[in-house]
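The values are calculated or read from the model by the stated rules, or taken from the named source; none is laboratory data. Small disclaimer: the values here were computed from a predicted structure and weren't measured. Cβ atoms come from the backbone with ideal geometry, glycine included; neighbour counts cover every protein chain shown.
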Amino acid sequence: MSSPLALVVCGAPLAARTPNIARALVERGWDVSVVATDSAAPWLDDEQIRVVTGRQPRAQQRSPDQPKAPRPAAVVACPATFNTVNKFAAGIADNYATSLLCESLGAGAPMVAVPMVNDRLWPHPAWDVNLARLRDAGVVFLDIRTGSSALAPVPSGTGEEAIEAFDPAWVVSALPRPS
């Protein structure tokens, strides 16, 4: 049985590539579960995700009568939005996605995040502080256009170019091998 991995998907255009990202992770040997924020829903193709992962994406906590999912051995947040990164850094667990991120960080799971943040939000004073806080806690950040750790904003109006340039192999390479 492969190791569980949570793919947290936030509401940004790169979310449309979720099936490609999940496929690359599955091909590497991860057992992928997609956890989406409510704002990611318009970009997701639930049926394609189900075909790739074997399960529907989830946006809500399980109900009390449902079994608990296994704890993820690793977590990927792709795309990670300004809102989610800032909540995550502050320890705000007010939805399923941020709860999972916060809990997994606390448990020491390897984490990779790919921010998709525009050039108008990037200069906000909380941004650099929160990226540094999460890096110091062990989160690996990858640039959406280059896959490097040198992050840069997505210039407004160039989202489609960034999505096209993104290679899911960057995420796979940044993770440890599943056990």
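A few comments on the model shown:
- Those residues of region 49-91 which are within 23 Å of M116 (Cα to Cα) and of a type in the set (S, T, N, Q), in sequence order: Q60, T81, N83, T84, N86
- The one condition from (1) loosely packed, with under 13 Cβ neighbours inside 10 Å; (2) in a strand (DSSP E or B) that D94 does not meet is (2).
- Tally, over region 41-81, of residues that are charged (D, E, K, R), more than 21 Å from N20 (Cβ to Cβ) and under 16 Å from the mean Cα position of the chain (by Cα): 1
- Some residue of region 34-53 being touching a Lys or Arg at 6+ places or on another chain (Cβ under 8 Å), of a type in the set (K, R) and more than 20 Å from L151 (Cβ to Cβ): no
- Single unsatisfied condition, A113 versus (1) among the small types (G, A, S); (2) part of a helix (DSSP H, G or I); (3) in contact with a Phe, Trp or Tyr (Cβ under 7 Å, 6 or more places away or on another chain): (2)
- Residue within region 4-22 that is over 25 Å from R145 (Cα atoms), modelled with pLDDT of 95 or more and touching a helix residue (DSSP H, G or I) at 6+ places or on another chain (Cβ under 8 Å) present: no
- Only residues that are modelled with pLDDT under 95, outside any helix (DSSP H, G or I) and surrounded by fewer than 13 Cβ atoms within 10 Å (Cβ to Cβ) were counted across region 124-176, and they come to 2.
- Among the residues of region 37-62, those identified as closer than 18 Å to C78 by Cβ and among the hydrophobic types (A, V, I, L, M, F, W, C) are A40, A41, W43, L44, I49, V52, A59.
- Verdict on A24 being among the small types (G, A, S) and surrounded by 16 or more Cβ atoms within 10 Å (Cβ to Cβ): yes
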